[in-house]
Amino acid sequence: MSKTTTDWQARAEAAEARVAELTAERARLWEENNRLRTERREIEYYERLATQMQTSLSWQITSPLRTAKVLNAKVRRKLEQRRES
């Protein structure tokens, strides 16, 4: 075989290998894109759910209880720190 035939064949084989690499990369990126879309939809779902919960009447009514619980925990921690000192 002549050098040009060998050179052409080598370049064709290199090009085919590159196409295979790019095809695999495209498939990987497509899967990653779909995974990210799915995650985003899931995040949006849970954000909507949290918003619905926080704007509900029961959440608003129990707000003072949640605040009192947090304050109670802070006071207990402070008292325990004083006892330890």
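Structure notes:
- Going through (i) 13.3; (ii) 12.4; (iii) 19.6, the figure that equals Kirkwood radius over Cα pairs in Å as computed for the structure here is (iii).
- Of GLU32, GLU42, GLU16, the one that fluctuates the most in a GNM where the chain has Cα springs shorter than 10 Å: GLU16
- Between the Cα long axis of helix 63-84 and the first principal axis of the chain there is an angle of about 80°, rounded to the nearest 10.
- Degrees between helix 3-54 axis and first principal axis of the chain (Cα, 0 to 90, nearest 10): 20 degrees
Values quoted throughout were computed directly from the atomic coordinates according to the rules given, and no laboratory measurement underlies them. Only a predicted model underlies this, so the values are computations on that prediction, with no experimental measurement involved.
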